[in-house]
Amino acid sequence: MLGVYCRSERPLEELAELTRLRSLSALDGTQPIRRGPLAIAAPGPPVSCAQDGDLTCVIDGVLYQPATMARTLGVDAGTDAQLVAKAYGRFGFEAFTRLRGRYAAVVFNQATSEGALTSDLLSTRELFVSWTAGAMVFATEVRELLALLPSRPGPDPIGFETWLGHGTCPADRTLYDGVFRLRAGELVALGPGWTERRRHWRPRYQPTLTGSRAQLVDGLRAHLEHAIGTRLSPRASAVILSGGLDSSVVTTVAARARTPQAELRTYSAVFPGEKYDESWKIRQMQARLGIAAAAMVVAPQGTLWLAIQHTKSWRLPLIAVGSLIDIAATTAAARDGVDVVLDGQTGDELFGLSPYLLADRVRRGRLLAAIALADRWPLGRRPSVRNKIWLVKELGLKGAAPHRLGRLVQARRDRSELGPPWLAPPLRRRFATREDRWAWKLTSRGPMWWRFLSDVLVHAPHRELRLEYLRHRAASEGILSEPPLYDVDLIEYCLRMPPELAFDRRHDRPIVREAMRDLLPEEVRLQKRKADFTPFCERAMVTADAPGISRLLTASDALIGEYADLHWVRHNWGRVTAGHRDPQWLTALWRLTAAEIWLRSEADADFLDTALAQPDVLPPSVQRVSLVD
């Protein structure tokens, strides 16, 4: 979905001519929907439109269980667009806090010239907006929005620099200057001649749930079944199964929640002979659940090819070198006719502990209770005295301090040596000035443990650009991505769980492990180690893909030189290719590589095609294998 909303008195056609906004119909080949100052391109499914009196609704995406939602809201059932229109007509902006789904929507009342542009509560179907020359342009993908703008914007001075330095981007920004994204719980109110961004929802602290441990575990299992079950395709779904706990939980619950006629498959990368190979776990899951399991051996090559191809498709850099593994899985799923792909993304945070519970103990003067929590830190063994002192100091004392005090201490530090060393010195200083590790203290009210956890669960996936990446890796193959653990009702339930329950010296994520008792194979349920695929990704970068990456990063005219310290880049690239592997440096070098590809593509329209034709840019090599011993 993409469109234009005029904030001036000029007709839409005159404004389009004045600002050189491209015709919506030229972009998608269909006639746009026009309602006064609003024009929307609705090219077909999953975009639909409905009229309810003076109200028009255009929705891109789906509502979950719409018939049930209609009964709850007390409105007539119908298409998703009709339901959104009726809910808005009855409840106004509050309707969007009651609806559940993966969608972006525009509702507009032509009689009053008022309405709203919004996404689902967590903005899983992201919306991007930009204001230009008296108009607001919007789209559900950045590439579509760029085509509507009168000129191509450059890198955003905050969003791009922050991503280069830390791998994150402020939740309401993008990598393009002047292009914003709607945050979770945010909408754009539309009025005659004006627009305004508003927050209509945010997580609010509620007292923790009461009840026995068994009741809380049962409640978690029920919320998991609902979150995962609503996202399954009635025809064919897939889970990217790594062998880790979170993806195993999603697989197990999906197998229980699917309808009898629905197909469920898993797709996994295996690495015969390597320490991080988890094929034995996948075999156990297959035997336990009796579902089809596909396995692929992925060769350590193709990271550069994927980065170039991704930028060509989406006009954005590829954020993760590990995409070589899971893109192979989504590609195989699409070839098998799967409709939707699920995964265990955000499970570590959702089921894990909130470290700043120690801060709440300290704030209340309960220092011994803070030490007792540190003693239960999930290390698989009793923490040393030094470890406990560090935890109480860094998380308890510093976490308990007011935000203003933390910023004051940071302001007094010498910033000349702060900031990521790969950034150019001016950017490094700006980065250090903007960086605020305690910003989560200001995002909401409530105990420190809750403020931190709610920020991590709701906003961090957007800052990490993770949802955008998950959507694109599936959409590139013509299927849908549904990360079922990023679910508002599931998140709100976990935010009400007593935080002490997550502290267990034997295991991390103890409550979800308990919820999966008798459902997961015990070796999988109680596994202590999480597979680290970093060595595989490193090998791809510094062996088969090294010549192409080197040609980009060490070029004398590298565009990344405007943002990065090229001496640092060349020195450390030489070190990692010589065998001195530092995961932090490799991650930074990957971001710089992806950024160089993006910057060159913005400067030269032919760059991407030329780059793909280079002999040292090797495509991925994937071979499907049998899991049968």
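The values are calculated or read from the model by the stated rules, or taken from the named source; none is laboratory data. Treat the numbers as computed from the prediction; the structure is a model and nothing was measured. FYI the Cβ positions are ideal-geometry reconstructions off the backbone, even for glycines, and counts take in every protein chain you see.
Residues in the range 495-510: is at least one assigned by TED's automatic domain parsing to the domain that holds GLY406, within 27 Å of ARG382 (Cβ to Cβ) and assigned to a helix (DSSP H, G or I)?
Among the residues of the range 495-510, not one is assigned by TED's automatic domain parsing to the domain that holds GLY406, within 27 Å of ARG382 (Cβ to Cβ) and assigned to a helix (DSSP H, G or I), which makes the answer no.
Are there any pairs with C-beta distances below 7 angstrom linking a residue in the range 170-181 that is within 18 Å of PHE431 (Cα to Cα) and at pLDDT below 95 to a residue that is basic (Lys, Arg) and part of a loop (DSSP other than H, G, I, E, B), with the two at least 6 apart or on different chains, and if so which?
ALA171/ARG183; ASP172/ARG183
I'd like the full set of residues that are touching a strand residue (DSSP E or B) at 6+ places or on another chain (Cβ under 6 Å), surrounded by fewer than 22 Cβ atoms within 10 Å (Cβ to Cβ) and in a loop (DSSP other than H, G, I, E, B), limited to the range 127-148.
If the condition is that a residue be touching a strand residue (DSSP E or B) at 6+ places or on another chain (Cβ under 6 Å), surrounded by fewer than 22 Cβ atoms within 10 Å (Cβ to Cβ) and in a loop (DSSP other than H, G, I, E, B), then THR140 is the only one that fits.
Of the residues that sit in the range 475-510 and are more than 24 Å from the chain's Cα centre (by Cα) and among the hydrophobic types (A, V, I, L, M, F, W, C), which one is surrounded by the fewest Cβ atoms within 10 Å (Cβ to Cβ)?
LEU501
For the range 230-237, check the following and say yes or no: at least one residue is of a type in the set (A, V, I, L, M, F, W, C) and over 21 Å from the mean Cα position of the chain (by Cα). Break it down stepwise before answering.
Here is the first cut: in the range 230-237, the ones of a type in the set (A, V, I, L, M, F, W, C) are 232, 236.
With the extra rule that they be over 21 Å from the mean Cα position of the chain (by Cα), the set shrinks to 236.
Looking for residues that are of a type in the set (A, V, I, L, M, F, W, C) and over 21 Å from the mean Cα position of the chain (by Cα), one finds at least one in the range 230-237, hence yes.
Of all the residues that make up the range 133-147, how many are at positive phi and not hydrophobic (A, V, I, L, M, F, W, C)? Explain how you work it out, then say what you get.
To start, the set of residues in the range 133-147 that are at positive phi comprises 133-134.
Still in the running and not hydrophobic (A, V, I, L, M, F, W, C): 134.
Counting residues in the range 133-147 that are at positive phi and not hydrophobic (A, V, I, L, M, F, W, C) gives 1.
ARG624: within 30 Å of the chain's Cα centre (by Cα), among the basic types (Lys, Arg) and under 19 Å from ALA544 (Cβ atoms), yes or no?
Details: within 30 Å of the chain's Cα centre (by Cα): yes; among the basic types (Lys, Arg): yes; under 19 Å from ALA544 (Cβ atoms): no.
Answer is no for this residue.
Taking the residues in the range 289-324 that are assigned to a helix (DSSP H, G or I), of a type outside the set (Phe, Trp, Tyr) and under 17 Å from the mean Cα position of the chain (by Cα) as candidates, determine which candidate is surrounded by the most Cβ atoms within 10 Å (Cβ to Cβ).
Of the range 289-324, the ones assigned to a helix (DSSP H, G or I) are 289, 303-314, 323-324.
Among the residues that remain, those that are also of a type outside the set (Phe, Trp, Tyr) are: 289, 303-304, 306-313, 323-324.
Now drop any that are not under 17 Å from the mean Cα position of the chain (by Cα), which leaves 310, 323.
Working: HIS310: 24, SER323: 21.
Ranking the qualifying residues of the range 289-324, first place goes to HIS310.
Out of GLN82, GLN51, GLN31, which single residue is over 28 Å from the mean Cα position of the chain (by Cα) and buried (at least 20 other Cβ atoms within 10 Å of the Cβ)? Don't jump to the end; show me each part of the working.
Numbers: GLN51 fails: buried (at least 20 other Cβ atoms within 10 Å of the Cβ); GLN31 fails: buried (at least 20 other Cβ atoms within 10 Å of the Cβ).
Sole residue among the options that is over 28 Å from the mean Cα position of the chain (by Cα) and buried (at least 20 other Cβ atoms within 10 Å of the Cβ): GLN82.
Can you pull out every residue in the range 377-387 that is in contact with a Lys or Arg (Cβ under 9 Å, 6 or more places away or on another chain) and over 18 Å from GLU349 (Cα atoms)?
GLY380, ARG381, ARG382, PRO383
Out of the range 329-345, which residues are buried (at least 23 other Cβ atoms within 10 Å of the Cβ) and within 19 Å of the chain's Cα centre (by Cα)?
ALA329, THR330, VAL341, LEU342, ASP343, GLY344, GLN345
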